[in-house]
Amino acid sequence: MSQPPVRRESQRSVKSQVAAHPAAAAIIVILIIVAIVGTLWVPAYARVTPKVGDFPFFYFYLLIFMPAVSIALLIVIALQKRLAPPGADDGAPPAPPGPAAPVSEVTK
């Protein structure tokens, strides 16, 4: 018996998907860089003033920045799904090559 060839997505097809949507790829990179820099650039938010009541700016920054980062990452996920190859599964592991074993052999 001959088995049909297993079709695998090559690195070239992934690059062609990014090349087909350069704006989406650029937006992904920018959103991720902004999320990382906004977290690691401590002098931007390590201030006591302005204050509202007893809460310094640091807490308000976090209350605004963390939901903004989560929304940005949801956008990144949506754009990555757009860049996925047309026949790609949603994270399901690929089936092993070859015919499947009959149920009677598996249960023995």
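Residue by residue, here is whether (1) surrounded by 11 or more Cβ atoms within 10 Å (Cβ to Cβ); (2) of a type in the set (Ser, Thr, Tyr); (3) modelled with pLDDT of 85 or more; (4) at positive phi holds:
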site: PHE57; (1), (2), (3), (4): yes, no, no, no
site: PHE60; (1), (2), (3), (4): yes, no, no, no
site: PRO67; (1), (2), (3), (4): no, no, yes, no
site: PRO85; (1), (2), (3), (4): yes, no, no, no
site: PRO93; (1), (2), (3), (4): no, no, no, no
site: PRO96; (1), (2), (3), (4): no, no, no, no
site: PRO99; (1), (2), (3), (4): no, no, no, no
site: THR107; (1), (2), (3), (4): no, yes, no, no
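Taking the conditions (1) in contact with a helix residue (DSSP H, G or I) (Cβ under 7 Å, 6 or more places away or on another chain); (2) of a type in the set (Val, Ile, Thr); (3) at pLDDT below 65 in turn, VAL103 satisfies each one other than (1).
Give the number of residues within segment 28-55 that are part of a helix (DSSP H, G or I) and surrounded by 10 or more Cβ atoms within 10 Å (Cβ to Cβ).
Initial filter on segment 28-55 (part of a helix (DSSP H, G or I)): 28-40, 42-44.
Cutting the leftovers down to surrounded by 10 or more Cβ atoms within 10 Å (Cβ to Cβ) gives us 28-39, 44.
Within segment 28-55, residues that are part of a helix (DSSP H, G or I) and surrounded by 10 or more Cβ atoms within 10 Å (Cβ to Cβ) number 13.
Within segment 13-25, one or more residues are at pLDDT below 85, loosely packed, with under 10 Cβ neighbours inside 10 Å and under 17 Å from the mean Cα position of the chain (by Cα). ALA72 meets all of the listed conditions (1) touching a Leu at 6+ places or on another chain (Cβ under 7 Å); (2) more than 16 Å from ALA84 (Cα to Cα); (3) modelled with pLDDT under 80 but one, namely (3).
The values are calculated or read from the model by the stated rules, or taken from the named source; none is laboratory data. As the structure is a prediction and not an experimental result, all values here were calculated from the model. Don't worry about glycine lacking a Cβ; one is built from the backbone with ideal geometry, like all the others, and counts go over all protein chains shown.
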